[in-house]
1. Is it the case that some residue within the stretch 11-19 is assigned to a helix (DSSP H, G or I) and over 24 Å from residue 156 (Cα atoms)?
2. With the requirement that a residue be of a type in the set (S, T, N, Q) and either touching a Phe, Trp or Tyr at 6+ places or on another chain (Cβ under 6 Å) or under 17 Å from residue 115 (Cβ atoms) (or both), what does the stretch 46-78 give you?
3. May I ask you to list pairs of residues, at least six apart or on different chains, whose Cβ atoms are under 7 Å apart, with the first in the stretch 132-156 being open to solvent by 80 Å² or more (accessible area, probe 1.4 Å) and the second being of a type in the set (A, V, I, L, M) and part of a strand (DSSP E or B)?
4. Kindly check whether there is at least one residue in the stretch 74-86 that is at pLDDT below 95, in a strand (DSSP E or B) and open to solvent by 10 Å² or more (accessible area, probe 1.4 Å).
5. Being outside any strand (DSSP E or B), open to solvent by 20 Å² or more (accessible area, probe 1.4 Å) and not assigned by the TED database to the domain that holds residue 149: is that true of residue 44 here?
6. Out of 110, 151, I need the residue that is among the hydrophobic types (A, V, I, L, M, F, W, C) and either out of contact with any Ser or Thr (no Cβ under 8 Å at 6 or more places or on another chain) or not assigned by the TED database to the domain that holds residue 69 (or both). Which one?
7. Here's a check for you: in the stretch 97-131, which residue that is open to solvent by less than 20 Å² (accessible area, probe 1.4 Å) and among the hydroxyl-bearing types (Ser, Thr, Tyr) is farthest from residue 43 (Cα to Cα)?
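The values are calculated or read from the model by the stated rules, or taken from the named source; none is laboratory data. Since the structure is predicted, the reported quantities are computational estimates derived from the model, not experimental observations. Quick reminder, even Gly has a Cβ in these numbers, built from the backbone with ideal geometry, and neighbours come from all protein chains shown. For accessibility, only protein heavy atoms count, side chains too; no ligands or nucleic acids. Shrake-Rupley method; radii C 1.70, N 1.55, O 1.52, S 1.80 Å.
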Amino acid sequence: PTLTFPNPEEPGALDLALSLATQRRADLVIANDPDADRCAVAVPHPGGWRVLTGDELGGLLAEHILRHTTGHDRLIATTIVSSSLLRSIAAAHRVRFTESLTGFKWIMRAAGPSDRLVFGYEEALGYSVGDDRGVLVNDKDGITAALTIAALAAHA
């Protein structure tokens, strides 16, 4: 209710959360938008907090997911406007990578008959996180992304 447009990528949307995190000396800030399909993360930085970009978080999540899944049929996907980092991460793990048009409807259609999509993201803070069965929700999902970020942070 304190924001006109409460999406976490909007300037000022995280201000109250970052202020509380500073007071409580938090290790991490995780924020979803009202319908929980986007997820933002801020980390402590000298002099305050640094909000990670969608591409930075996409790379971290992809690396984490590929380290915790198995199989040659794994596929990770992103969009043509997102970072090329995912291509390098896929190559390092010897899994398939694909780029789709912008939008989750295209990311979710990226898998072929012999692929298992385990992760998809777009730079606008949308993530679809999977496990050894594949993606858990066939759309962008800020809840599974937040849980995966918490697991990644706990592991780190």
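1. Going through the stretch 11-19, the residues assigned to a helix (DSSP H, G or I) turn out to be 15-19.
Cutting the leftovers down to over 24 Å from residue 156 (Cα atoms) gives us 15-16.
Yes, the stretch 11-19 contains at least one residue that is assigned to a helix (DSSP H, G or I) and over 24 Å from residue 156 (Cα atoms).
2. 69, 70, 78, listed by residue number.
3. 136/129
4. No, because not a single residue in the stretch 74-86 is at pLDDT below 95, in a strand (DSSP E or B) and open to solvent by 10 Å² or more (accessible area, probe 1.4 Å).
5. no
6. Details: 110 fails: either out of contact with any Ser or Thr (no Cβ under 8 Å at 6 or more places or on another chain) or not assigned by the TED database to the domain that holds residue 69 (or both).
Of 110, 151, the one residue that is among the hydrophobic types (A, V, I, L, M, F, W, C) and either out of contact with any Ser or Thr (no Cβ under 8 Å at 6 or more places or on another chain) or not assigned by the TED database to the domain that holds residue 69 (or both) is 151.
7. Ranking the candidates gives 100 first.
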